[in-house]
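Participant: Submitted below is the structure of interest, expressed as structure tokens.
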Amino acid sequence: MRLIRSIQEMQKCSLGLRSTGKIIGFVPTMGALHEGHLSLLRYAKKNADIAVMSIFINPTQFGPKEDFKKYPRPFEKDCEMAENYGCDVLFSPDPEAMYPDAFITYVSVEHLSDILEGAIRPGHFKGVATIVLKLFNIVMPNLAVFGQKDAQQAIILRKMAVDLNLLVTLVVLPTCREPDGLAMSSRNAYLTDEERRDAPIIYRGLCNAADDFSRGEVVTEKLVKSIQSVYMPSTVLKTEYIAIVDVETLAPVDRISNKVLVAVACKTIQTNTRLIDNLVLGGSL
Ligand code: AMP
């Protein structure tokens, strides 16, 4: 595995690969790698000639009161995992090179970025869209792989790719879960034992809604209530939102007739850890 820190060197490497007709598969991450990230890497490896992973904790997608400083940075272990799972090139640039003092250009995917996660984390998706477009311009992938775990992010990035005519195919893969159903996340490391014990109810609530839907319930208010009934008894988790929305426009849906995204966000009371999860009913993302 080749580790590249310099933007220019990464661009040179990608131009070289593209000029010889190699297909570049790309997995952008913020590190603290887990099986979720590795599943994306495996897909890139299988469906491209060269698998490039980036590790960059993007400061512009964190709010001033968020966990940018304490976000886990086990870089050596990440390098080892990436290499063991077939990563060919690991790109990990310095923040100062990605965002020099004179940096003033941002990408804003309007409307989709202001709701759900965007309503709670103002500016988050502007940071995400900006860094992903920058990484695309540096890595020049043919194929980029994202996780359904961050469904709104995937929907926003797809819209950016369409609107800005990007020559990259975006692939969204299913959420990897712990055996008890909790969606894998680098932030799960923040949880106390008690919070970790309760956290699987997040997915259990989603599964309740999926069961009701498969039995014919299409009224979203009823599905939301069914999820709430699972979350309500918890003294460890607080619900931030439970939303059932159109998978493309993220507009609220009253009765399900097309594919919908059921998106939930909870916050733990002891460590203030935000946990998000989702399911798509009536299809996939
Ligand atoms: P992150 O490092 O959290 O920015 O995530 C990097 C990529 O991994 C994003 O496309 C995420 O959606 C994806 N990802 C994170 N957690 C999971 C998971 N549990 N299963 C599948 N993909 C995931």
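Participant: Any of LYS65/LYS159; LYS126/LYS159; LYS134/LYS159; LYS222/LYS259; LYS222/LYS267 with alpha carbons more than 21 Å apart? Name them for me.
Facilitator: Numbers: LYS65/LYS159 28 Å; LYS126/LYS159 13 Å; LYS134/LYS159 16 Å; LYS222/LYS259 17 Å; LYS222/LYS267 23 Å.
Over 21 Å Cα-Cα: LYS65/LYS159; LYS222/LYS267.
Participant: Please state the charge dipole magnitude for the chain, taken about the Cα centre, from unit charges on C-beta atoms (+1 on K and R, -1 on D and E), reported in debye and rounded to the nearest 20.
Facilitator: Magnitude of the dipole: close to 300 debye.
Participant: Okay, moving on. Can you give the Kirkwood hydrodynamic radius for segment 128-285, in Å, rounded to one decimal and based on Cα pairs?
Facilitator: Radius from the Kirkwood sum: 16.7 Å.
Participant: Along each principal axis of its Cα atoms, how long is segment 18-176 end to end? Whole angstroms, biggest number first, please.
Facilitator: 38, 35, 34
Participant: Now for a different question. When the accessible area of the chain is split by element with a 1.4 Å probe, what percent falls to carbon and sulfur?
Facilitator: With neighbouring chains kept in place, the figure for the chain is 52 percent.
Participant: For the chain, give the share of DSSP beta bridges that are antiparallel, in percent and rounded to the nearest 5; count only bridges with both residues there.
Facilitator: On the way: 20 of 39 bridges.
The antiparallel fraction comes to roughly 50 percent.
Participant: May I ask you to evaluate 6.51 cos²θ - 1.76 cosθ + 1.60, the Karplus curve with θ = phi - 60°, for each residue of segment 259-269 and list the ³J(HN,Hα) values in order in whole Hz, giving x for glycine and proline?
Facilitator: Rounded to whole hertz, the list is 4, 10, 9, 9, 10, 10, 9, 10, 10, 7, 7.
Participant: Tell me, what is the percent relative contact order of segment 7-102, built from C-alpha pairs under 8 Å that lie six or more residues apart?
Facilitator: Numbers: 119 pairs, mean separation 30.3, N = 96.
Worked out over segment 7-102, it gives 32 percent.
Participant: If you count, for each residue, the other Cβ atoms within 10 Å and average over each peptide, how do 186-199, 262-275 line up from highest to lowest?
Facilitator: Numbers: 186-199: 16.8, 262-275: 18.9.
Listed from highest to lowest mean packing, they are 262-275, 186-199.
Participant: Same structure again: Given a 1.4 angstrom probe, what's the average accessible area per residue across the chain, in square angstrom? Could you put the intermediate results ahead of the total?
Facilitator: Working: 13710 Å² over 285 residues.
Counting only protein heavy atoms, the per-residue value for the chain is 48 Å².
Participant: Can you quote the Å³ per residue value for the convex hull of the Cα atoms in the chain, rounded to an integer? Numbers along the way, then the final one.
Facilitator: Details: hull volume 37.6 nm³, N = 285.
It is 132 Å³ per residue.
Participant: While we're looking at this one, here's another question. For segment 1-75, what is the convex hull volume of its Cα atoms per residue in Å³?
Facilitator: Numbers: hull volume 8.2 nm³, N = 75.
Once divided by residue count, the hull of segment 1-75 is 109 Å³.
Participant: Shifting gears a bit: Suppose every Lys and Arg Cβ carries +1 and every Asp and Glu Cβ carries -1, with no other charges. What dipole size does segment 111-252 come out with about its Cα centre, to the nearest 20 debye?
Facilitator: So the magnitude is around 300 debye.
Participant: Looking at PRO72, LEU157, CYS87, which one has the Cα that reaches farthest to the positive end of the dipole of the chain (charges on Cβ: Lys, Arg +1; Asp, Glu -1)?
Facilitator: Going by the Cα projections, it comes out as CYS87.
Participant: Still on this model: Over all pairs of distinct alpha carbons, what does the Kirkwood formula give as the hydrodynamic radius of segment 193-285, in Å?
Facilitator: Result for segment 193-285 stands at 13.4 Å.
Participant: Moving on to the next point. Once the dipole of the chain is set up with Lys and Arg at +1 and Asp and Glu at -1 on Cβ about the Cα centre, which of LEU167, LEU33, LEU15 lies farthest towards its positive end?
Facilitator: Ranked along the dipole, the leading option is LEU15.
Participant: For segment 103-162, with only Lys/Arg (+1) and Asp/Glu (-1) charged at the beta-carbon, what is the dipole magnitude about the Cα centre, in debye rounded to 20?
Facilitator: On the way: 6 positive and 4 negative charges, 24 e Å.
Computed about the Cα centre, the dipole is about 120 debye.
Participant: Once whole DSSP H runs in the chain are found, which of them have Cα atoms spread over 20 Å or more along the helix axis and a mean Kyte-Doolittle score of at least 0.0?
Facilitator: Helices passing the filter in the chain: 124-139.
Participant: Sequence-distant or interchain residues sharing an amide H contact under 5 Å with VAL260, placed H: which?
Facilitator: Under 5 Å from the amide H of VAL260: LEU281.
Participant: Could you compute the net charge surrounding PRO200? Neighbours are other residues with a C-beta less than 14 Å from the C-beta of PRO200; K and R count +1, D and E count -1.
Facilitator: Summing Lys/Arg as +1 and Asp/Glu as -1 gives -3.
The values are calculated or read from the model by the stated rules, or taken from the named source; none is laboratory data. Note that this is a predicted model, so its numbers are computed, not measured. Ideal geometry is used to build each Cβ from the backbone, glycine not excepted, and the neighbour counts take in all protein chains shown. In case anyone asks, the SASA skips ligands and DNA or RNA and just uses the protein heavy atoms, side chains included. Shrake-Rupley method; radii C 1.70, N 1.55, O 1.52, S 1.80 Å.
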